[in-house]
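The structure under discussion appears below in the form of structure tokens.
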Amino acid sequence: MNDDDKGRSSRRRLIIVLVAAAALLIYAYAIQVTQVDLQEPLEPQRQENLVGLLRQLARPDIFSFENVTESTTISLQMPCPEELRGAQVTSGTKQVVLAPNCATTTQDVLRLTGEGFPSNVRGAVFWRPLGDTVPRRLTEFRANSQGSFAVSFTMPDIRPSEEPQQIEVVELLSRRIVGFSDISKITFSRIIETILMALMASTIGTILAVPISFLAARNLMSDVSSPLAAIMAALIALPVFGFLAYLAGKFVLQAAVFLSDPLLVGVVAFPVSIALIWPVLRLGQPLTGTEVESYGSRALSALRLLAASLLFFLGLAILAEIGVVIGAWLDENLGLFAFVGNFIYVIADFGRVLLPGLMGFAGALLGASYASRYAQEAVIRLPEGSARLVTAILTFLGTSILVFALAYALNWICIFGLCQYIPQETSQLVVTLGVPALLVGAAAAFGSMFARPKRPYPVGTVTYTITRGSLNLLRAIEPVILGFVLVVWVGLGPFAGVMALMLASIADLGKLFSEQVENIDQGPIEAVTATGANRLQTVVFAVIPQIVPHYIAFTFYRWDINVRLSTIIGFVGGGGIGLILFRSANLTQYRQASVMVISIAIVVSVLDYVSSRIRKRII
Amino acid sequence: MTSRTDMVQTEQQRAAASALEEQKQRPSTRHIVRLILIAVAVFLVYAFAVQVTQINLEKPLDPGRQESLVRVLRLLADPDLFATNPDTGNLTLSDTTRVTISRIIETILMALLASTAGTLLAMPVSFIAARNLMEPITAPLASIMGAIVAFVIAGYVGLRATSLLGQAADDLAREPLVGLGVLVGTGLLVWLVRRWGGPMAMEDDVPTRTRVTFVVRLTVLVVLLVFGLAVAAELGMAVGNWLEGVLGPLGFLGNALYVVSDMVRLLLPAVAALITGLVGMSFGSRYSQEAVISWPGGAARALTAVLAFLGTAIVIFGIGSFLNWLYQFTNPQNWTTIPALIGGVVAAIIGLLMKPSRPLIIGFIIYTITRGILNILRSIEPLIMGIVFVVWVSLGPFAGIMALTLHSIAALGKLFSEQVEGISEGPVEAITATGANHIQMVVYAVIPQIIPPFTAFALYRWDINVRMSTIIGFVGGGGIGFVLSQNIQLLRYRQASVMMLAIAIVVAALDYASSQIRRRII
């Protein structure tokens, strides 16, 4: 026992020594790799740079000034005559001496002295080059308490001329604030853009993250399982119904364009199409009836549902068409509130463009759910042998479709440059990708013959793992990097930033939300399930009420992060204040950058405070 | 009979309840108007946001743009991972992959150093920014002002003394062997001073003579330790330099020794000044508090006035000199001496008028100032700080580390202090009841409670720093971001793809590891 203890403690000591040695090595290596060394920051030149930068940052260019100045001009010869001379000008009490008053090369040092100036006055020396209207700043001066000064400078450029050129000595008597500087105004508009970018990204991100978070919640997904036949039937139905619904969407869109050609027709057609839904749904038997029904009546109600949803989408499409027209009109005529018109236009445009895709998505989901249900019923009801056969056929088709779709997608994106080795002509491509897909499908079907057809597979866990994995990968890439790619797509500007932040928000909130779903109280779920509710009803009545406060709190938390990130997403061209901050920092206009940094600090800390207050109140 | 009255009562209650219900059911018009106004405001805000952020489908659906997106995606899908060796025809890792690997290691190590330094520096800050620790700290005016005066004097003395010691160490350690001898000698002296005389702990009621010898011995000990440290730093630089040349592949050990010794050498005067300043401050505040409380009213008032004059003048002069350094005013004395004198006189008058022993909430003021600074620092992204540091220490990972460290201090300072605020009061009261002073209370009651959450937050910060260090290179802060942004700007998307892939894998893996560790800690 004692020996054992001793052995353990010595082993423990050894582990500690090893860990310490490893840490030492890692830190030593880190210092080497990251070039930490104090020579650079302590170098006088670098310290001077830093001091210069800090002094400029300390003078933010917030206000615009009106300068009250007085100037004295003195003449300058270019190039120098044979005999070097100086020039002297006296005006009032002031006396200015320039010696020599000429320059032949840009290396010639000219010395300017002044006397009798107001004490401690600041000023600058300008040169009005021959032929230029804009004076060039040569140097600055500051008089001492006796009102005299002396500065030396060189000419930046040589413009030879016969007659003398003019050097202007401008003294700054006083300056007063006349308003905000241009950079303040720009900063103000940009900071509003930044906040609104964060707002849009947070809103859209939250809306899209909610459905994803259910897919990524382990407790909801882990008990979702179904037999192989049901999974495969869903896989087959997904593209088939999706494509059909997409075509229907295209058709509905065309019909809507036709129906709303003169705007008035559209205004009439929209309520008519919505109103038509009601008789279709009310006609004949009620839609939600008992389970035992004849196939005929089932088919009839399915058709009625289809018609009703087509009418609904038609109404939506007409509304979108009307919205586009009205929005564009309002955009031109509302003046100050034109942005309302633009909003309506953009929303309607989104509705119009996304309608077929949305219908395709809905159709695919609906078709998949029906197909999986019927396949499951069939497999359970049919005798063992035919169930095996059905499973095998469905597996063959489903796997083939899946493999073909994956291969097609990988070929389209040209993963690892492999598409160079594949003929891209359509018919040949289908053969090249289709034959292996069919082979894989056949192999899968052969394999499925050996499994019990009723055995449930954990399709939920697979979905959970894939969703979580993609969220984690997406979360790992900073929105600033995503911004790079999105700028290529939607061009420089805030929209790219919004999209990058939105993607990052979806990934982040998807994970946070799903963790909340995983932590919910099981009581209400069991209670609702006990009433015979299905999965969707459980989520709506037992899960959602529990998670809404947390979701809102996390949304505010993400909004905080988005505000911070939107201040830097502009570094890669994503709009907002980062764009101009990066530019002025690159141009070493630190006084302008200072205004932006100050506004960022104020806005971010104020919004931080507000959102932390709101979060505290919610939870 | 009783049952009937009960029933009547229930009836009445029911009626009252239903009336209340009705009131609830019928929302007042004001409520409705408010809801409508809020809805309109939200609508307008979103409408304006859509306009300002230029969200529209024209650009993303533009065929040219879609084509360029597809082209970029295809290039990104074909990362430049491998290359065929032109001589042998073998498949090897491409140059991009090699660069990526070395850069991603640099990135991780940047995050490591920034997190370590940030955590270490955030800890003391977090105690100052914790409301529950700071709010009970109050002191009379004389004590506060005495602390300020003593801090400046002791700090200056410490700085001078350490500079002298450093100079002597520099002279002595020019020959490494001599330095080694001096180091050993110093160690021996330290041992002797420690052994000589009584124990090093001090009781409260000891004769003055013991006290004086104790203070003298302590001073000698500190001087010897500082001197030894300075000699050791000089030696470390020499040895590090030598090792770097000799150790070959392990040369980085020598470099690390050199850099750390260099840091010790350069920071020793400042740190020693800070420490002596703080010690002086604590003594100054304690003795002036005792004096004010035990002295008669008039003398206490006079002392308060004198200390208030000195302390305020020093503070204002310090702030004025800083502003003058920053802005280089035309008339510096208008910003330094004149306001310092005026402020000092005003403070002295206030000190004369005030009750000398009246406690002021100095702790709360320090807390507010610290929190405010942390909040402002936190709101500026490290990427923006990076711009400043690049100007100072030039392009490279060191600038990135400094930016990340500064931001980590601000972020961790806030998180840590919130943890300190959330500790259980029981141990604190127990330790305080034993008569422990403020520092002992923090050491024995607060620190044991906060180590696990501090570790968890440090790991969390390490996560964030890894992410941030992947992009700090965009402003020249080193790491993989530097090469990534170059590649993207040169439209070399295949190379950029390798780097993005590496970032995704490394960040996701470290994320997972740190979340597992955090789960185990809490």
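Could you tell me whether any residue of the range B:372-390 is of a type in the set (Asp, Glu) and modelled with pLDDT of 90 or more? Yes, there is a match, as at least one residue in the range B:372-390 is of a type in the set (Asp, Glu) and modelled with pLDDT of 90 or more. Looking at the structure I just gave you, is B:TYR460 more than 8 Å from every other protein chain (Cβ to nearest Cβ), within 17 Å of A:ALA476 (Cβ to Cβ) and either touching a His at 6+ places or on another chain (Cβ under 7 Å) or surrounded by fewer than 24 Cβ atoms within 10 Å (Cβ to Cβ) (or both)? Here the answer is yes, as B:TYR460 does meet what is asked. Taken across the range B:374-390, residues that are under 20 Å from B:SER143 (Cα atoms) and of a type outside the set (Ser, Thr, Tyr) do not occur at all. Applying the criterion of at least 2 residues that are β-branched (Val, Ile, Thr) to the helices (runs of 4 or more DSSP H) found wholly in the range B:351-461 leaves B:362-379, B:382-393, B:397-421, B:425-433.
Yes or no: the range B:216-229 includes at least one residue that is open to solvent by less than 70 Å² (accessible area, probe 1.4 Å), modelled with pLDDT under 90 and under 27 Å from the mean Cα position of the chain (by Cα). Within the range B:216-229, one or more residues are open to solvent by less than 70 Å² (accessible area, probe 1.4 Å), modelled with pLDDT under 90 and under 27 Å from the mean Cα position of the chain (by Cα). Candidates are the residues of the range B:89-140 that are of a type in the set (Ser, Thr, Tyr) and part of a loop (DSSP other than H, G, I, E, B); the one that is surrounded by the fewest Cβ atoms within 10 Å (Cβ to Cβ) is B:THR138.
Does A:SER612 meet the test of being within 12 Å of chain B (Cβ to nearest Cβ), over 17 Å from B:PRO382 (Cα atoms) and in a helix (DSSP H, G or I)? It is true that A:SER612 is within 12 Å of chain B (Cβ to nearest Cβ), over 17 Å from B:PRO382 (Cα atoms) and in a helix (DSSP H, G or I). Pairing residues of the range B:412-441 that are under 12 Å from B:ASN132 (Cβ atoms) with residues that are of a type in the set (Phe, Trp, Tyr) and at pLDDT 85 or above, at Cβ distances under 8 Å and at least 6 apart in sequence or on separate chains, gives B:SER417/B:PHE127; B:GLN419/B:PHE454; B:GLN419/B:PHE457; B:VAL420/B:PHE127.
Taking the range B:467-486 as the search range and keeping residues that are without any contact (Cβ under 8 Å) to a residue 24 or more places away in the chain and at the interface with chain A (Cβ under 10 Å from one of its Cβ atoms), which one is surrounded by the fewest Cβ atoms within 10 Å (Cβ to Cβ)?
Within the range B:467-486, the first condition is being without any contact (Cβ under 8 Å) to a residue 24 or more places away in the chain, and the residues that meet it are B:484-486.
Cutting the leftovers down to at the interface with chain A (Cβ under 10 Å from one of its Cβ atoms) gives us B:484-485.
Numbers: B:LEU484: 26, B:SER485: 22.
The selected residue is B:SER485.
Checked across the range B:60-67, the condition of being surrounded by 12 or more Cβ atoms within 10 Å (Cβ to Cβ), in a helix (DSSP H, G or I) and more than 10 Å from chain A (Cβ to nearest Cβ) holds for no residue. When the test is whether a residue is part of a helix (DSSP H, G or I), farther than 22 Å from B:VAL420 by Cβ and open to solvent by less than 60 Å² (accessible area, probe 1.4 Å), B:VAL506 passes it.
Given the residues A:GLY92, A:GLY114, A:GLY147, which is the only one that is touching a strand residue (DSSP E or B) at 6+ places or on another chain (Cβ under 6 Å) and either open to solvent by less than 40 Å² (accessible area, probe 1.4 Å) or not β-branched (Val, Ile, Thr) (or both)?
Details: A:GLY92 fails: touching a strand residue (DSSP E or B) at 6+ places or on another chain (Cβ under 6 Å); A:GLY147 fails: touching a strand residue (DSSP E or B) at 6+ places or on another chain (Cβ under 6 Å).
Being touching a strand residue (DSSP E or B) at 6+ places or on another chain (Cβ under 6 Å) and either open to solvent by less than 40 Å² (accessible area, probe 1.4 Å) or not β-branched (Val, Ile, Thr) (or both) holds for just one of A:GLY92, A:GLY114, A:GLY147, which is A:GLY114.
B:LEU57 meets the conditions (1) open to solvent by less than 100 Å² (accessible area, probe 1.4 Å); (2) at pLDDT 80 or above; (3) of a type outside the set (Val, Ile, Thr); (4) over 30 Å from A:LEU492 (Cβ atoms) in every case but one. The failed one is (4). Determine whether B:THR97 is away from every other protein chain (no Cβ under 12 Å), within 23 Å of B:GLY479 (Cα to Cα) and either in contact with a helix residue (DSSP H, G or I) (Cβ under 7 Å, 6 or more places away or on another chain) or not hydroxyl-bearing (Ser, Thr, Tyr) (or both). So B:THR97 fits the description; yes.
Identify, please: which residue in the range A:170-226 is part of a helix (DSSP H, G or I) and of a type in the set (Asp, Glu) and is, among those, nearest to the other protein chains (Cβ to nearest Cβ)? My answer is A:GLU193.
Taking the condition of being over 27 Å from A:LEU354 (Cβ atoms) and under 32 Å from the mean Cα position of the chain (by Cα), how many residues in the range A:222-265 meet it?
If we filter the range A:222-265 for residues that are over 27 Å from A:LEU354 (Cβ atoms), which is where we start, we get A:222-233.
Next, from what is left, pick out any that are under 32 Å from the mean Cα position of the chain (by Cα): A:222.
Total satisfying the criteria: 1.
Does the range B:417-426 include one or more residues that are of a type in the set (A, V, I, L, M), over 24 Å from the mean Cα position of the chain (by Cα), surrounded by fewer than 21 Cβ atoms within 10 Å (Cβ to Cβ) and more than 16 Å from B:LEU120 (Cα to Cα)? Outline the logic, then answer.
Taking the range B:417-426 first, the residues of a type in the set (A, V, I, L, M) are B:420, B:423.
Still in the running and over 24 Å from the mean Cα position of the chain (by Cα): none.
No; the residues of the range B:417-426 include none that is of a type in the set (A, V, I, L, M), over 24 Å from the mean Cα position of the chain (by Cα), surrounded by fewer than 21 Cβ atoms within 10 Å (Cβ to Cβ) and more than 16 Å from B:LEU120 (Cα to Cα).
Among the residues making up the range A:329-342, those that are in contact with a Leu (Cβ under 9 Å, 6 or more places away or on another chain) and either within 7 Å of chain B (Cβ to nearest Cβ) or not in a helix (DSSP H, G or I) (or both) are A:PHE339, A:VAL340, A:ASN342. Suppose we keep only residues that are among the aliphatic types (A, V, I, L, M) and assigned to a loop (DSSP other than H, G, I, E, B) within the range A:560-609. Which one would you say is most open to solvent (accessible area, probe 1.4 Å)? In this case the residue turns out to be A:LEU587. Where helices (runs of 4 or more DSSP H) fall entirely within the range A:456-545, those with at least 3 residues that are among the hydroxyl-bearing types (Ser, Thr, Tyr) are at A:459-476. Only residues that are open to solvent by 80 Å² or more (accessible area, probe 1.4 Å) and either modelled with pLDDT of 80 or more or facing chain A (nearest Cβ under 8 Å) (or both): list them for the range B:12-31, please. Across the range B:12-31, the qualifying residues are B:THR29, B:ARG30, B:HIS31.
The rows are residues; the columns are (1) without any contact (Cβ under 8 Å) to a residue 24 or more places away in the chain; (2) within 11 Å of chain A (Cβ to nearest Cβ); (3) within 26 Å of A:ILE568 (Cα to Cα); (4) open to solvent by 40 Å² or more (accessible area, probe 1.4 Å).
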residue	(1), (2), (3), (4)
B:LEU404	no, yes, yes, no
B:SER408	no, no, yes, no
B:PRO452	no, no, no, yes
B:ASN465	no, no, yes, no
B:ALA502	no, yes, yes, no
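With respect to (1) in contact with a Lys or Arg (Cβ under 9 Å, 6 or more places away or on another chain); (2) open to solvent by 20 Å² or more (accessible area, probe 1.4 Å); (3) of a type outside the set (D, E, K, R); (4) closer than 30 Å to A:PHE270 by Cβ, the lone exception for A:SER152 is condition (4).
Within the option set A:TYR374, A:TYR345, being within 14 Å of another protein chain (Cβ to nearest Cβ) and either crowded, with 19+ Cβ neighbours inside 10 Å or not hydrophobic (A, V, I, L, M, F, W, C) (or both) holds for one residue only, A:TYR345. Of all residues in the range B:509-522, exactly one satisfies the criterion of being crowded, with 18+ Cβ neighbours inside 10 Å and at pLDDT 90 or above, namely B:LEU510.
Quick check on this structure: which one of B:GLY155, B:GLY146 is assigned to a helix (DSSP H, G or I), in contact with a Leu (Cβ under 6 Å, 6 or more places away or on another chain) and over 27 Å from B:VAL428 (Cβ atoms)?
Details: B:GLY155 fails: in contact with a Leu (Cβ under 6 Å, 6 or more places away or on another chain).
The match here is B:GLY146.
Report yes if some residue within the range A:383-394 is assigned to a loop (DSSP other than H, G, I, E, B) and open to solvent by less than 70 Å² (accessible area, probe 1.4 Å); otherwise report no. Can you show your working first?
First pass over the range A:383-394, keeping only residues assigned to a loop (DSSP other than H, G, I, E, B): A:383.
Applying the additional criterion that residues be open to solvent by less than 70 Å² (accessible area, probe 1.4 Å) yields none.
So far as the range A:383-394 goes, no, none of its residues is assigned to a loop (DSSP other than H, G, I, E, B) and open to solvent by less than 70 Å² (accessible area, probe 1.4 Å).
The values are calculated or read from the model by the stated rules, or taken from the named source; none is laboratory data. Here the structure is a predicted model, which is why all the values come from computation and not from measurement. Every residue, glycine as well, gets a Cβ built from its backbone with ideal geometry; the counts of neighbours run over all protein chains shown. To get the accessible areas, we keep the full protein, side chains included, count just its heavy atoms, and leave off ligands, DNA and RNA. Shrake-Rupley method; radii C 1.70, N 1.55, O 1.52, S 1.80 Å.
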